[in-house]
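The values are calculated or read from the model by the stated rules, or taken from the named source; none is laboratory data. Keep in mind that what you see is a predicted model, and the values were worked out from it rather than measured. Positions of Cβ are generated from backbone atoms using ideal geometry, with glycine treated the same way; all protein chains shown enter the neighbour counts. When the accessible area is computed, the model is the full protein with side chains, heavy atoms only, and any ligands, DNA or RNA have been set aside. Shrake-Rupley method; radii C 1.70, N 1.55, O 1.52, S 1.80 Å.
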Amino acid sequence: MKISHVEVIRLSIPFASNRAPALSGERAWNAASAALTQMETLLIRVVTDSGRQGWGEGFGHLSNAVTAQALQDLVIPYFLDKTVPTSREALATLVEGAEKALHAFGGNGPVRFALSAMDIALWDLLGQHHEQPLWQLLGATRQHITCYASLVSYNNQPDEVARQVKRAWQAGFRSLKLHETHVEAIAAARAALPAEARLMVDVNCPWTPEEACHRARELKTLNLAWLEEPVWPPEDAAGLARVRRAGTPIAAGENASGAEGFAALFNQQAVDVAQPSVAKVGGISAVLRITEQARRHQVNVIPHCFYYGAGLLATAHLVAALPDDVQLERPFIHFSARLHPQLDLSPQFSLPDIPGLGFKPDATVMKEHTLYHRRVDAEGVHHV
């Protein structure tokens, strides 16, 4: 069985986050911004010469067009006509071959994101070959996992942050993550929640190590489960290790360059929680390598996941194979259309029991929200 062609599909689905509109002229630079009212996903469908299909997702959000170009021009052509792996060892060999062939284009960025999508799709096909859902293939024994609510940014407005965390708590979430940077806003969230609530904060790399140490000390009394990515640049593992010594648990890794980037974090003892992002870091294969590294360094792994397509499903399967207290990150937003059955705002997530990834997108939703659809085969790139 060989790979005959791959489809590249960009979707954009409107969502509501129950917050005030963005200020006039404000632009979105990340998925937590108030200026963002639609969220893109970049899906691929790998089709074999026998007709079997595997789904993957590559990171991009606001830069999906760039990742799509990397897929079409570099990554997909490498995989065309290759034999579909039927073992984990064969899959690892194929993906490593692609990484070596394309290494000159960098260890992070669109090529890595594109490779992530292909890896996820190959794991989907591997599960189908073995007639097992991925959570079973990965050795998990639980099919049902708990989610934590990942809130968007509410512009550091304490009253609004308090209102939103109450909404999430009332929706059944017992662990919540903020995207705020001011101590007053974070403290307002803690005060609005019951004492047993688990609270995390992702600040998206804003501070020097010195500033981050000061903020970590200020936040110490709020009993955060973790402070996420406090240091700029995110590659500064030594600076991150200094912040960790200030006493607040540190999480990072969403922006790490593959397993090698995590090795630097582990060697510097920079993190309490490692956060590989399956659609960015190299797919399921890379997350499994990182998880093994983390085990040797006695670091917890809780994957990052601000996705809603095949990347969400892939992360859920990985979470199921981790310790029972590891939860799945779920964006606390309401999509205008449900791309697949698991896309809701429930604090519980039930993994499919069908072979492979179990990603079954709604054809009507796909059609209505597709921005871009291309087929790549031996003859080139074709509009679909």
- Of [x] 168; [y] 132; [z] 186, which one was derived for volume of the Cα convex hull per residue in Å³ from the structure shown? [y]
- Cβ crowding within 10 Å averaged over residues, with 216-223, 72-79, 123-130 ranked highest first: 123-130, 72-79, 216-223
- Convert each backbone phi in the stretch 355-367 into a coupling constant with the Karplus relation 6.51 cos²θ - 1.76 cosθ + 1.60 (shift: θ = phi - 60°), then list the ³J(HN,Hα) values in order as whole Hz, x for Gly and Pro. x, x, 6, x, 7, 10, x, 6, 4, 5, 5, 4, 5
- Share of accessible surface on carbon and sulfur in the chain, whole %, 1.4 Å probe and ligands ignored, is 49 percent
- Message: If you take every DSSP beta bridge fully contained in the chain, what fraction is antiparallel? Give it as a percent rounded to 5.
- Response: 60 percent
- Non-local residues with an amide H under 5 Å from the amide H of residue 282, with H modelled 1.01 Å from N and Pro and chain starts lacking one, are 116
- For the pair residue 73 and residue 214, how long in nm is the line joining their label points, each one 7 Å along Cα→Cβ? 4.3 nm
- Leaving out ligands and nucleic acids, note down the accessible area per residue over the stretch 1-151 with a 1.4 angstrom probe, in whole Å². 40 Å²
- Show me 226-235, 110-119 ranked by packing, highest mean number of other Cβ atoms within 10 Å first. 110-119, 226-235
- Message: Could you check the spin-label model distance between residue 89 and residue 350? Points 7 Å from the Cα along Cα→Cβ, value in nm.
- Response: 3.8 nm
- Query: Roughly how many Å² of residue 369 are accessible to a 1.4 Å probe, to the nearest 10?
  - Reply: 30 Å²
- Message: Rounding to the nearest 10 and keeping the result within 0 to 90°, find how far the Cα-based axis of helix 183-192 lies from the longest principal axis of the chain.
- Response: 90 degrees
- Which of the peptides 94-102, 41-49 is most tightly packed, and how do the rest follow, going by the mean number of other Cβ atoms within 10 Å of each residue? 41-49, 94-102
- Against the longest principal axis of the chain, how steep is helix 209-219, in degrees 0 to 90 to the nearest 10, with axes from Cα atoms? 60 degrees
- Along the dipole axis of the chain (charges at Cβ: +1 for Lys and Arg, -1 for Asp and Glu; origin at the Cα centre), the most positive-end residue among 233, 158, 265 is 158
- Query: Nearest 20 debye, what's the magnitude of the dipole of the chain about its Cα centre given +1 on Lys and Arg Cβ and -1 on Asp and Glu Cβ?
  - Reply: 480 debye
- In Hz, Karplus ³J(HN,Hα) per residue of the stretch 325-340 (6.51, -1.76, 1.60; θ = phi - 60°; x = Gly, Pro): 7, 7, 10, 8, 6, 10, x, 8, 9, 10, 7, 6, 9, 9, 5, 8
- Query: If one takes the longest principal axis of the Cα atoms in the chain, at what angle in degrees, from 0 to 90 and to the nearest 10, does the Cα axis of helix 158-170 lie?
  - Reply: 60 degrees
- Message: Before I look further, what does the stretch 203-261 give for accessible area per residue, probe 1.4 Å, in whole square angstrom?
- Response: 43 Å²
- Query: What does the charge dipole of the stretch 226-384 about its Cα centre add up to, to the nearest 20 debye, if the Cβ of each Lys and Arg holds +1 and the Cβ of each Asp and Glu holds -1?
  - Reply: 80 debye
